[in-house]
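What follows is one structure encoded as structure tokens, with my remarks underneath.
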Amino acid sequence: MDILYQFLQTTGFVQLTLGNTIMIVIGIVFICLAIIKDYEPLLLLPIGFGIVVGNIPIVEGIELGVYDNAELMLKDGKISFHAGSVMSYIYFGVSQGIFPPLIFLGIGAMTDFSTMLSNPKLVLLGAAAQIGIFLTLIGAMYLGFTPQEAGAIGIIGGADGPTAIFLSSHLAPELLGAIAIAAYSYMALVPVIQPPIMKLLTTKEERLIRMVPPRQVSRRERIIFPIVAFLICTMIAPGALVLIGMLFFGNLLKESTVTERLANTARTAMIDIVTILLGFVVGASTQAREFLNPDSLLIFGLGALSFSVATAGGVLFAKFMNLFLKEKINPLIGAAGVSAVPDSARVVQMVGQSEDSHNFLLMHAMAPNVAGVIGSAVAAGVLWSVLS
């Protein structure tokens, strides 16, 4: 009976807390959204299951969680080594900012910058959407967060999960779990959050604007662009060196056409593996005792504000540009200035076609969309340089 009693005390049922239960329910909700609603399933499903795994109560002294790190200990004059958990080794790729650059390499290998190069003025929409980052930084500082924490929270407005993880791992590692979950949650909810803002800020007449088809971009332009853009961006923001470097390196692999095998690996097998590992351990890092606190709620609120302001900033700047342009641009594409590639561009297409089924905005929206990826990485580099 003593053995049976000791076994019962080690089960998760005995040690389960209300916080664990809440987080497990949240994880199941994420899984349901991924499967039933098809909201960014490649992200939400691994994160959701990771949340469930991370909130199974663990017996004291058994190293299983992401925070059970390897360490050297000195006791009675003898040095002992604790290897840490397997999960902590996987989480090392998140906490040290290793996974985000690898994802950027894959994104670069699958991204076509042709639409942006054919109409360079649309780059401004990607830049305008980054206003959400800096306004949220100010708001977070007003609420009592340190400048470093505020910078990490503000980057959620870029709707770029890897960038948010990369910056928070360097500026505010203690907030990494909450920031990562918030960033990926809002990326997945792009089809829910953006359409009301887009319709509120535009008139029916503006939503019906048809744009001139983009010009054909030469192979030479596509090869030169990643090299020149890398030099310009990193000279402006050296802190963006790693993310921007991997993004444009991946794009050069694609556009050169002589390394198709490498490009194909980067945009398929490699990015899939990294996404699985990153999503799962980010979810597993949301242990109730670490995650359920007032700061997490504030981060989610500020993240929603940041994302909404970024969407509004892109749309309003497109309307501002139309005051000076002979060939008007559809203001809806300004919403694609956030970095959620290609989801925000798809939302632009969906909203545009709800007004006119023959109005095709997807290719035009991809220009500010990929510009937003660059913009959020540069913004992260600027924040890291200034706040570190």
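Some observations on this one:
- Here Val25 clears all of (1) outside any helix (DSSP H, G or I); (2) under 29 Å from Val190 (Cβ atoms) except the condition numbered (1).
- Residue list for the stretch 186-205, filter: farther than 15 Å from Ser339 by Cβ and either of a type in the set (Gly, Ala, Ser) or buried (at least 19 other Cβ atoms within 10 Å of the Cβ) (or both): Met198, Leu201, Thr202
- The condition of being more than 16 Å from Met110 (Cβ to Cβ), modelled with pLDDT of 90 or more, part of a helix (DSSP H, G or I) and within 19 Å of the chain's Cα centre (by Cα) holds for only one of Val378, Val351, Val370, that being Val378.
- Where a residue in the stretch 112-128 is small (Gly, Ala, Ser) and its partner, wherever it lies, is surrounded by fewer than 19 Cβ atoms within 10 Å (Cβ to Cβ), with Cβ under 7 Å and at least six apart: Ser114/Val217; Ser118/Pro214; Ser118/Arg215; Ser118/Val217
Residue-wise test of (1) in a helix (DSSP H, G or I); (2) at pLDDT below 90; (3) surrounded by fewer than 17 Cβ atoms within 10 Å (Cβ to Cβ).
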residue	(1), (2), (3)
Val258	no, no, yes
Thr265	yes, no, yes
Asp272	yes, no, yes
Leu278	yes, no, no
Val281	yes, no, no
Ala304	yes, yes, no
Gly314	yes, no, no
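- Taking the numbered list (1) of a type in the set (A, V, I, L, M); (2) in a helix (DSSP H, G or I); (3) in contact (Cβ under 8 Å) with a residue 24 or more places away in the chain in turn, Ile56 passes all entries but (2).
- Across the stretch 100-146, the number of residues qualifying as small (Gly, Ala, Ser) and either outside any helix (DSSP H, G or I) or touching a strand residue (DSSP E or B) at 6+ places or on another chain (Cβ under 7 Å) (or both) comes to 2.
- Selected residue [of a type in the set (Gly, Ala, Ser) and either on the phi > 0 side of the Ramachandran plot or at pLDDT 90 or above (or both)] from Ala178, Ala229, Ala183: Ala229
- When residues of the stretch 222-237 are limited to those that are of a type outside the set (Val, Ile, Thr) and exposed (fewer than 14 other Cβ atoms within 10 Å of the Cβ), the one nearest to Gly106 (Cα to Cα): Leu231
- Residues that are free of Cβ contacts under 8 Å to residues at least 60 places away in the same chain, assigned to a loop (DSSP other than H, G, I, E, B) and either of a type in the set (A, V, I, L, M) or under 21 Å from Met116 (Cα atoms) (or both), drawn from the stretch 190-212: none
- Scan the stretch 165-189 for residues that are without any contact (Cβ under 8 Å) to a residue 40 or more places away in the chain and closer than 18 Å to Phe134 by Cβ and the total you get is 2.
- The set of residues in the stretch 19-51 that are farther than 29 Å from Arg346 by Cβ, aliphatic (A, V, I, L, M) and touching a helix residue (DSSP H, G or I) at 6+ places or on another chain (Cβ under 8 Å) comprises Ile22, Met23, Ile24.
- Check on Lys121, closer than 16 Å to Val348 by Cβ, surrounded by fewer than 19 Cβ atoms within 10 Å (Cβ to Cβ) and among the charged types (D, E, K, R): no
- Matching entry among Leu16, Leu33 (being over 28 Å from Val274 (Cα atoms) and touching a residue at least 40 places away in the same chain (Cβ under 8 Å)): Leu16
- Among the criteria (1) part of a loop (DSSP other than H, G, I, E, B); (2) at pLDDT below 75; (3) not aromatic (Phe, Trp, Tyr), the one Val14 does not fulfil is (1).
One line per residue, one yes/no per condition, for (1) more than 16 Å from Gly381 (Cα to Cα); (2) at pLDDT below 90; (3) touching a Phe, Trp or Tyr at 6+ places or on another chain (Cβ under 6 Å):
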position	(1), (2), (3)
Phe81	yes, yes, no
Leu124	yes, no, no
Gln148	no, no, no
Gly154	no, yes, no
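- Given (1) within 23 Å of Ala109 (Cβ to Cβ); (2) over 21 Å from the mean Cα position of the chain (by Cα), number of the condition Met246 does not satisfy: (2)
- Residues in the stretch 144-170 that are at positive phi and not aliphatic (A, V, I, L, M): Gly144 alone.
- Of all residues in the stretch 206-220 being loosely packed, with under 15 Cβ neighbours inside 10 Å and of a type in the set (D, E, K, R), the one that is farthest from Val348 (Cα to Cα): Arg220
- The single residue among Ser339, Ser385 that is in contact with a Pro (Cβ under 7 Å, 6 or more places away or on another chain) and under 30 Å from Gln148 (Cβ atoms) turns out to be Ser385.
The values are calculated or read from the model by the stated rules, or taken from the named source; none is laboratory data. Being a predicted model, the structure only gives us computed values, none of them experimental. Cβ atoms come from the backbone with ideal geometry, glycine included; neighbour counts cover every protein chain shown.
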